[in-house]
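The values are calculated or read from the model by the stated rules, or taken from the named source; none is laboratory data. Please read these numbers as outputs of a predicted model, since none were measured by experiment. Using ideal geometry, Cβ is built from the backbone for each residue, glycine included, and neighbour counts are taken over all protein chains shown.
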Amino acid sequence: MNSFLSTARTKETYLKKISSEPNNTIRNRVNAIKSFEKFTHEKYDKHIDDIISELKIVKEKTSTDQYEETLYDLLQHWINWRLDSGTKASTVIVVFSCVRSYLYYRGIKTDQQDVKQYLTFKKPAMREDHPLSLEEYRTIINGFGNHPRRQSIYLVQGSSGMRIGEILCLKKKDFDCSQKRIKITIPAEFTKTHQSRSVFISQESEIIVRKILDSIIDDSYVFHSSKDIDNARINEQSALVRLGRKLGGIFTETYPSSNTRKITSHSFRAYFFTKAVRMHGENFAHRFTGHRGYLMQYDRITDDERLDMYLKLEPELVVFDQSKNNLEISRLKQDNTSIIALREEVEKLKVERIKRDKEILEQFRKENRIPHDQQPQI
């Protein structure tokens, strides 16, 4: 029975449905659909719409067991096809979730338990990721010596733990320069978790960032001039690859059986996370990098506490020795100021105590509790 409320579910309506999701998510879903379309064309010489229609006919005219075998055999063939094409096992799992979501929308529903029983995925190989060293960090920043904005991107990322996509979405209005360290509020629509969060950046990165902020208007992107975020991301990835070729060595190395380089923009985010975990624990690191930590809803700290913790971490995040020296000098000056203030407070307390003791003695004399010819030593 067709109702006037019913609308046909097509690829176009699905894309409209997901249009409010983050650009990365949309891109991944679109690429997954294209992959399945290519598979159905190569294997069956059919459009994906024909495959979906055929599955619905099989479901209507055959037994449940026959339908499930047909459906899950189709999906297993696609999984094997992707693996045979050289796709990483971990990528196949991610893309499958997108394909499954699209087919579900089109009326081809799958059950999680059936997926576990019917389908076989190759177990992803677990690799040990390369830890970015301080020397490698310095080399990259120096390599972008003629590009201050790119220097600022990686100094900001390494001192805040933001994702490269989050950094490229920032506008001048997201920066608060009124505190001891610049505070950045990342809008919810640009974070992976769809939850706004704030971070601080190092004094070292502020030097370049403040110059950029002074040269643009409130609604301008801070770290690029492109009108399209995706293009900006591609430009930055390409720039880092080009620099890697120029530097050679570790900067061009890839992981075994993969085209992924050992040093990418994600390396700077991991650099921050590692330093933060070692000093303040996982919840602090997760909070700054936008992860969901264990029972985070109960671990609450004020902005002042977060800033104080960040200032203690900051010396571990700076790239150049002079920056670290400046921070140490500033800390020593602050400590010295605190010591002087403490000494003054102690002297003040001494004076007040002497005065109070004299007043007590005088009262005792008036009450004849101490002879007038005796003079206690104070």
Enumerate the pairs (first residue in region 142-159 and over 15 Å from Lys275 (Cα atoms); second residue anywhere and outside any helix (DSSP H, G or I)) with beta-carbon separation below 6 Å, excluding pairs fewer than 6 apart on the same chain, so at least 6 apart or on different chains.
Arg149/Phe223; Arg150/Phe144; Gln151/Phe144; Ile153/Phe223
All but one of (1) in contact (Cβ under 8 Å) with a residue 12 or more places away in the chain; (2) in a helix (DSSP H, G or I) hold for Glu54, so report the exception by its number.
(1)
Filtering region 316-345 down to residues that are β-branched (Val, Ile, Thr) and at pLDDT 75 or above, which residue is surrounded by the most Cβ atoms within 10 Å (Cβ to Cβ)?
Val319
Answer residue from region 111-143, given it is in a loop (DSSP other than H, G, I, E, B) and in contact with a Leu (Cβ under 7 Å, 6 or more places away or on another chain) and is farthest from His77 (Cα to Cα) among those
Lys122
Screening Val115, Val94 for residues that are closer than 20 Å to Val30 by Cβ, surrounded by fewer than 16 Cβ atoms within 10 Å (Cβ to Cβ) and among the hydrophobic types (A, V, I, L, M, F, W, C) leaves only Val94
Scanning region 157-206 residue by residue, those within 12 Å of the chain's Cα centre (by Cα), over 22 Å from Arg27 (Cα atoms) and of a type outside the set (Ser, Thr, Tyr) turn out to be Gln157, Gly158, Gly161, Arg197, Val199
Search result, residues across region 1-60 that are exposed (fewer than 14 other Cβ atoms within 10 Å of the Cβ), under 28 Å from the mean Cα position of the chain (by Cα) and over 21 Å from Thr91 (Cα atoms)
Lys16, Lys17, Ser19, Ser20
Need pairs with beta-carbon distance below 6 Å; first residue within 16 Å of His147 (Cα to Cα) and of a type in the set (S, T, N, Q) and within region 191-220, second part of a loop (DSSP other than H, G, I, E, B) and at pLDDT below 95; sequence gap 6+ or separate chains.
none
If Thr87 satisfies all but one of (1) exposed (fewer than 12 other Cβ atoms within 10 Å of the Cβ); (2) modelled with pLDDT under 95, what's the number of the condition it fails?
(1)
Considering only region 51-73, I want to know if a residue exists there that is modelled with pLDDT of 95 or more, closer than 22 Å to Pro124 by Cβ and either not assigned by TED's automatic domain parsing to the domain that holds Gly165 or not acidic (Asp, Glu) (or both).
yes
Where Tyr154 falls short, out of the listed (1) over 27 Å from Lys312 (Cβ atoms); (2) outside any loop (DSSP other than H, G, I, E, B); (3) touching a helix residue (DSSP H, G or I) at 6+ places or on another chain (Cβ under 6 Å):
(1)
Could you count how many residues in region 12-48 are free of Cβ contacts under 8 Å to residues at least 40 places away in the same chain, of a type in the set (Lys, Arg) and closer than 17 Å to Leu103 by Cα?
4
Flag for Ile93 being in a helix (DSSP H, G or I), at negative phi and touching a Pro at 6+ places or on another chain (Cβ under 8 Å):
yes
For residues that are among the acidic types (Asp, Glu) and at pLDDT 95 or above, tally how many sit in region 13-41.
1
Condition met for Lys173 (assigned to a helix (DSSP H, G or I) and either more than 17 Å from Leu240 (Cβ to Cβ) or of a type in the set (Lys, Arg) (or both)):
yes
